[in-house]
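Undergrad: After the structure tokens below, expect a handful of questions from me.
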Amino acid sequence: MKEKISIIGAGNWGTTQAVFLARKGLEVELHSVFDAHNRKMAKDRENKLYLKGTKFPAKLKVNPSLKETLKNQIIVIAIPVKFIRKVVRKIGSQAPSLKNKVFLSLSKGIEVTSLKRPSQIMEEELEITNVAVLSGPNIAKEVLAGIPSTSVLVCKNKRIAKKLQLLFTSKTFRVYLHDDMVGVELGAALKNIIAISCGIADGLGFGTNTKAALVTRGLAEITRLGKPLGAKASTFWGISGLGDLVTTCFSPFSRNRIVGEQIGKGKKIKSILSNMSMVAEGVETVKSTFHLSKELGVEMPITREVYSVLYKGKSPQKAVSDLMTRTLKKEKIS
């Protein structure tokens, strides 16, 4: 394969994809938004900050120049949603024309200020239409270890979608095509909220019963918010919905679950985040989703309680009590 791919964002998942693609034989240029990080990775041939112990294949080049990385046709964006607009604006200022480029988002979240998804931000700032999204239940270290994994890819342009599907598929990483970008991105973002709630349950010493309840009722909340935003309910029962939800809620390596667990054990969110090198997207997503649900008039009790714990100082024990003693009702899955 002769494709050259640029990956902007050298965190855990961006670096994982860079290594994965280079191992497949593709030429990959990895760019960090931090100059010192680029220099360190180029010297070590490894990302010791976010993926220690994984050496870079020969096909993987660290490119400190954002402008040069934009020369490749396929540009992967692996930036936390909190910073994505700033980075995308910089991309727009570095390149005279991006209309023939393909942008693929690996980012998961909803911007707090605009309540927009990553693909919407990219389309808005870059004035482009060739935007794709890759999302699924993917723990980075498992993907790199060759453990069978799946993901979904969505793009309005079917030709581009099929091309990207082929590029990102391997014997151990199977990519399915999808046609619901709204649902895929919302599933990727909102599952992190439920993962935080499951982590809180873990920290409080609760068991499988509690996590099963949070996952199933959490899925109902996600579906309820997705429908008025134009998502298909069926999407949330697929790989980017239920699949990603289960993985993130149960994996011991899930950053969002770990954040919740620490909260359940009595730690404060500010202290937890200050000691984390990687970003737990769910913390910001809780805030944006809470405001989005209020704007749309959608009932999301788990999200509301997690928001109250993270941003209003409510005790996890009180949040659990309030969830369990709400008015009794008939079960609805959407």
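What follows draws every value from the coordinates through simple rules; no lab data is involved. In this text the structure is predicted, and so the values were computed from the model without any measurement. For neighbour counting, all protein chains shown are included, and Cβ atoms are generated from backbone atoms with ideal geometry for every residue, glycine included.
Undergrad: Mind checking the full-extension length gain between residue 129 and residue 4? Use 0.36 nm per residue of separation minus the Cα-Cα distance, one decimal, nm.
TA: Working: separation 125, 0.36 × 125 = 45.00 nm, distance 2.04 nm.
Between residue 129 and residue 4, full extension yields 43.0 nm more.
Undergrad: How much length is gained on full extension from residue 34 to residue 330, taking 0.36 nm per residue of separation minus their Cα-Cα distance? Don't skip to the answer; put the middle values down first.
TA: Numbers: separation 296, 0.36 × 296 = 106.56 nm, distance 5.13 nm.
Gain on extension, residue 34 to residue 330, equals 101.4 nm.
Undergrad: Using the 4.7 Å Cβ rule, please list in number order the cysteines from the chain without any candidate partner.
TA: 155
Undergrad: Residue 42 to residue 270: extension gain in nm, 0.36 nm per residue of separation minus the Cα-Cα distance? Don't jump to the answer; show the numbers that get you there.
TA: Details: separation 228, 0.36 × 228 = 82.08 nm, distance 3.24 nm.
Gain in length upon complete extension: 78.8 nm.
Undergrad: What net charge is computed for the residues neighbouring residue 308, neighbours being all others with C-beta under 11 Å from the C-beta of residue 308, Lys and Arg scored +1, Asp and Glu -1?
TA: Here the charged neighbours net out to +2.
Undergrad: By the scheme Lys and Arg +1, Asp and Glu -1, what is the net charge of all other residues having a beta-carbon under 14 Å from that of residue 37? Show your work: numbers first, answer last.
TA: Details: positive: 39, 40, 43, 45, 48, 52; negative: 35, 44, 46.
Residues close to residue 37 contribute a combined charge of +3.
Undergrad: Quick one: order 74, 200, 147 by neighbouring beta-carbon count within 10 Å, fewest to most.
TA: Details: 74 22, 200 28, 147 11.
Placing the least packed residue first, the sequence is 147, 74, 200.
Undergrad: Set Lys and Arg Cβ to +1 and Asp and Glu Cβ to -1, take the dipole of the chain about its Cα centre, and tell me which of 51, 206, 230 lies farthest positive.
TA: 51
Undergrad: OK, next. Looking at the chain, do any whole DSSP H helices span at least 24 angstrom along their long axis by alpha carbon and average 0.5 or above on Kyte-Doolittle, and which? Provide the component values of the computation, followed by the final result.
TA: Working: long enough: 181-203 (34 Å, 1.25); 208-226 (27 Å, 0.11).
Within the chain the helices that satisfy the rule are 181-203.
Undergrad: Mind checking which of 167, 129, 109 is farthest towards the positive end of the chain's charge dipole, using Cβ charges of +1 (Lys, Arg) and -1 (Asp, Glu) about the Cα centre?
TA: Towards the positive end, the residue furthest out is 167.
Undergrad: Could you give the distance between the Cα centres of the range 121-140 and the range 169-214, to the whole Å?
TA: If you average the Cα positions of each part, the centres end up 19 Å apart.
Undergrad: About its Cα centre, what dipole magnitude does the range 4-179 give when the only charges are +1 on Lys and Arg Cβ and -1 on Asp and Glu Cβ, stated in debye to the nearest 20? Kindly include the intermediate steps, with their values, before the conclusion.
TA: Numbers: 32 positive and 13 negative charges, 76 e Å.
The dipole of the range 4-179 has a size of about 360 debye.
Undergrad: In nanometres, what is the gap between the two model label sites at residue 94 and residue 158, each 7 Å from Cα along Cα-to-Cβ?
TA: Label-label distance for residue 94 and residue 158, simple model: 3.4 nm.
Undergrad: Give the cross-link partners of residue 329 among the lysines, using a straight C-alpha distance below 30 Å as the criterion and excluding same-chain residues fewer than 8 apart.
TA: 191, 211, 227, 232, 287, 294, 312, 314, 318
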